[in-house]
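A short write-up of the structure that comes next.
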Amino acid sequence: MWGGRFAAGPAEAMERINPSIDFDRRFWREDIQGSKAHAQMLVAQGILTAEDGAAIAQGLEDIWGEIESGEFKFSRALEDIHLNVESRLREKIGDAAGRLHTGRSRNDQVATDMKLWARGAIDALDVELKDLQAALIDQADRNADTIMPGFTHLQPAQPVTLGHHMLAYVEMIGRDRSRLADARRRLNECPLGAAALAGTPFPIDRHMTASALGFDRPAANSLDAVSDRDFVLELLAAAGICAVHLSRLAEELVIWTTAQFRFVKLSDAFTTGSSIMPQKKNADGAELVRGKTGRVLGAFTAIAVVLKGLPLAYGKDMQEDKEPCFDAVDTLGLCIACTTGMIRDMEANSAALRKAVDAGFPTATDLADWLVREAGMPFRDAHHVTGRVVRAAEERGCGLEDLPLEVMREIDPAIDDRIFAVLSVEASVNARMSYGGTAPARVREQVAAARERFLDDGS
């Protein structure tokens, strides 16, 4: 394509390092869509004849069909998807194909393709995340009354419900969807027509091409239009946070499925066995989700490092944005699908969950709250008194609800027999009626609200 300037061909190493067709062939659809919109605009502006425009449109349609059917022959000698399509178009329609590149460059072309691809990737991830939220909400609905230990520092803290726990992840995934939506809004400016870096002297209509491709507006500065890869970083930042959320959930599934916990059971579809130990049933789906998070986070770092010292405008370094981004989005999509499947099939072991609540004096805070509420004691004093009561129960090897009243009264005479009404696990859970709390009645309200916010509002 630039043979007029060069007298010799590239070195063998250059032939291996330079082409991007092995990976950028992925957005052939976006490339053809961009070319069709550009050609239509050139015709509308009188830059191309209607005859050339029609030939280009038909040729691009034919190439679409060839690629879709697997008949198209991609060539590494042609470097990238843009030149592969353009070369084939020239074979099909002749000189008219050469006029398609009027008023544009591969610099704005690749930026446009990448934005179109990123926009579609975000839309697909949003659908997958919405499906995961639906699975979590269904589990929350089924387990609104299923009592389990809530943990801090992985130590028993206060009793909660499994439904409440599932809804925490619904909120986290909701923020992931919001971050992706924000990234989509910001990327939706069209680079096409910025040309190499300075714009073009041809009387193009960039608003027309932006509208035809579903962008909100053309990018305002031609230098920025071809240099910008913020949208890739922002997509990967949102993807990385989402992957971390999935990893946290996966870690809990790994722990919960161990013989020591037995909180939940995963289906055979998302577990594996051992080649030597026939009794094993490993939560490998969850472990792989947890492990693959590093790939998604690494993609952000890789592209940030590529861009950090890059002057304006375009540099071939920017070719390195694609493989990490493609891999991260693919990886995240797979992790979402696996997590959704695990959650949808998950069975709660309500007996094991309830039994585990009794460890670690989970209603101690209820005792402290009672002292504040009924005895008018400052909370810090109530905290100290409760700590002494816990120590007394620990020394006797019993739970707070089984500690004799006289022992508690020796510690503080303000305690009376009404205290036993708040020391049961069930009473503790049902008392948490504050907005967003774990009381089953609140969980059912939160389930209904989550369905409306995340599933029924068209988001």
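Calculate the spin-label point distance for ARG16 paired with ARG391, positioning each point 7 Å from the Cα along the beta-carbon direction, and give it in nanometres.
In this crude spin-label approximation the distance works out to 7.1 nm.
Test of understanding: what is the full-extension gain from ASP416 to SER434, defined as 0.36 nm times their sequence separation minus their Cα-Cα distance?
Gain on extension, ASP416 to SER434, equals 3.9 nm.
Describe numerically, in nm with one decimal, the distance between label points set 7 Å from Cα along Cα→Cβ at LEU312 and at THR365.
Going by the 7 Å Cα→Cβ label model, 5.2 nm.
Relative to the longest principal Cα axis of the chain, at what angle does helix 28-44 sit, 0 to 90 degrees, rounded to 10?
Approximately 50 degrees, to the nearest ten.
Of LYS130/LYS281; LYS292/LYS322; LYS73/LYS115; LYS115/LYS316; LYS115/LYS322; LYS36/LYS115, which ones are farther than 20 Å apart at the Cα?
Check vs 20 Å cut-off fails for LYS130/LYS281; LYS73/LYS115.
Taking only protein heavy atoms into account and a 1.4 Å probe, give the accessible area per residue of the chain in Å².
Per residue, the chain has an accessible area of 47 Å².
Hey, if you drop one equal point scatterer on each alpha-carbon of segment 182-241 and run the Debye formula without solvent, what base-10 log of I(q)/I(0) do you get at q = 0.20, 0.24 Å⁻¹?
The Debye formula, applied to the Cα set alone, gives -0.75, -0.96.
Could you work out how much longer the chain between THR272 and ARG444 gets when fully extended? Use 0.36 nm per residue separation minus the Cα distance between them, nm to one decimal.
58.5 nm
Of the listed peptides 68-76, 218-226, what is their order by residue-averaged count of other C-beta atoms within 10 Å, with the highest listed first?
Most protected by this proxy first, the peptides run 218-226, 68-76.
Could you calculate the contour length gain from LYS355 to ARG262, that is, 0.36 nm times the residue separation minus the distance between their Cα atoms, to one decimal place in nm?
32.4 nm
Could you derive backbone 3J(HN,Hα) for segment 333-342 from the dihedral phi with the Karplus parameters 6.51, -1.76 and 1.60 (θ = phi - 60°), listing whole Hz in sequence and x where the residue is Gly or Pro?
x, 5, 5, 5, 4, 5, 5, 4, x, 4
How large is the Rg to Rh ratio of segment 207-298 when both quantities use alpha carbon positions and Rh follows Kirkwood?
The Rg/Rh ratio comes out at 1.29.
Under the rule a/c < 1.5 gives rounded, and otherwise a/b versus b/c splits prolate from oblate, where does the chain land using the Cα gyration tensor?
Prolate shape, in that a/c is at least 1.5 and a/b is the bigger ratio.
Distance from the Cα centre of segment 394-445 to that of segment 34-60, in angstrom?
76 Å
Is there a quick way to get the dipole size of segment 93-210? I mean about its Cα centre, with the Cβ of Lys and Arg at +1 and of Asp and Glu at -1; what is the value in debye to the nearest 20?
Values: 14 positive and 15 negative charges, 103 e Å.
Here segment 93-210 has a charge dipole of around 500 debye.
Calculate the spin-label point distance for LYS73 paired with LYS280, positioning each point 7 Å from the Cα along the beta-carbon direction, and give it in nanometres.
About 4.9 nm, to one decimal.
Using θ = phi - 60° and the Karplus curve 6.51 cos²θ - 1.76 cosθ + 1.60, what whole-Hz ³J(HN,Hα) does each residue of segment 126-135 get, with Gly and Pro shown as x?
Computed from phi, the couplings for segment 126-135 are 5, 4, 5, 5, 4, 5, 5, 4, 4, 5 Hz.
The values are calculated or read from the model by the stated rules, or taken from the named source; none is laboratory data. Owing to the predicted nature of the structure, the values given are computational and were not obtained by experimental measurement. Positions of Cβ are generated from backbone atoms using ideal geometry, with glycine treated the same way; all protein chains shown enter the neighbour counts. To get the accessible areas, we keep the full protein, side chains included, count just its heavy atoms, and leave off ligands, DNA and RNA. Shrake-Rupley method; radii C 1.70, N 1.55, O 1.52, S 1.80 Å.
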